[in-house]
Amino acid sequence: MRANDIISIGDLAARAGVSVSAIRFYEAKGLLSPFRNAGGQRRFLRSDIRRLSFILIAQQLGLSIEAIGAELAKLPGERTPNASDWRQMSAGMRIMLDDRIAALTRTRDLLDGCIGCGCLSLRKCALYNPGDRAAAKGAGPRYVIGDRAGE
């Protein structure tokens, strides 16, 4: 390992645009694994910039710390992850992201009129959901979570 492959917690924080305390939090949650130098100071691999960037993006997407940890656990721990490792890890996330995009699209498309909740409180609901057929499929906004009217 070359000296320029190792960065301090302050350098990592500056490069990622987060506070040092945030990095310590991610470390405590097991998302980052620094090592200690002879003086006991945290040191990170330069490749941890990418891990931290993934954490920040995943949080913006609404993933829990546990889910982020599960995804990061798919990466090799014994070496710096390469492009193939990141591609394999992200392949499973594509399915989750596609499902979320579909749910958001349905919500956007239905929110202006009726969110498919089965309440029959709007005149349109009597046409869209006659006899509250949505209730037979279960509780909640059935058409937003994926059920289709008329099925």
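Give the residues of the stretch 59-97 that are loosely packed, with under 13 Cβ neighbours inside 10 Å, more than 16 Å from the chain's Cα centre (by Cα) and closer than 23 Å to V18 by Cβ, sorted by residue number.
Passing the criteria: only G77.
With respect to the numbered conditions (1) at pLDDT below 95; (2) surrounded by 14 or more Cβ atoms within 10 Å (Cβ to Cβ); (3) not polar (S, T, N, Q), which one is the sole condition not fulfilled by R24?
It fails just one condition, (1).
Looking at R100 and the list (1) of a type in the set (D, E, K, R); (2) more than 30 Å from R2 (Cα to Cα); (3) touching a residue at least 12 places away in the same chain (Cβ under 8 Å); (4) outside the structural domain of P130 (by TED's automatic domain parsing), which single condition is not satisfied?
(4)
Within the stretch 3-12, is there a residue that is out of contact with any Ser or Thr (no Cβ under 9 Å at 6 or more places or on another chain), outside the structural domain of L104 (by TED's automatic domain parsing), part of a strand (DSSP E or B) and of a type in the set (A, V, I, L, M, F, W, C)?
The answer is yes, given that some residue of the stretch 3-12 is out of contact with any Ser or Thr (no Cβ under 9 Å at 6 or more places or on another chain), outside the structural domain of L104 (by TED's automatic domain parsing), part of a strand (DSSP E or B) and of a type in the set (A, V, I, L, M, F, W, C).
May I ask you to list the residues in the stretch 28-58 that are basic (K, R) and loosely packed, with under 13 Cβ neighbours inside 10 Å?
R36
Tell me, please, whether a residue that is part of a strand (DSSP E or B), of a type outside the set (V, I, T) and more than 19 Å from I95 (Cα to Cα) can be found in the stretch 55-73.
No, every residue in the stretch 55-73 fails to be part of a strand (DSSP E or B), of a type outside the set (V, I, T) and more than 19 Å from I95 (Cα to Cα).
Which numbered condition in (1) under 18 Å from the mean Cα position of the chain (by Cα); (2) in a strand (DSSP E or B) is the only one that R43 fails?
It fails just one condition, (1).
Conditions (1) basic (K, R); (2) more than 30 Å from V144 (Cα to Cα), marked per residue:
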{"site": "A14", "(1), (2)": "no, yes"}
{"site": "A28", "(1), (2)": "no, yes"}
{"site": "I57", "(1), (2)": "no, no"}
{"site": "G62", "(1), (2)": "no, no"}
{"site": "A67", "(1), (2)": "no, no"}
{"site": "P81", "(1), (2)": "no, yes"}
{"site": "S84", "(1), (2)": "no, yes"}
{"site": "I101", "(1), (2)": "no, no"}
{"site": "R106", "(1), (2)": "yes, no"}
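Being among the β-branched types (V, I, T) and within 16 Å of A28 (Cα to Cα) is the filter here, so list the residues in the stretch 40-83 that pass it.
Residues satisfying the conditions are I55, I65, I68.
The values are calculated or read from the model by the stated rules, or taken from the named source; none is laboratory data. Predicted, not measured: the structure shown is a model, and the values here were computed from it. As a convention, Cβ positions derive from the backbone with ideal geometry for all residues, glycine included, and neighbour counts pool all protein chains shown.
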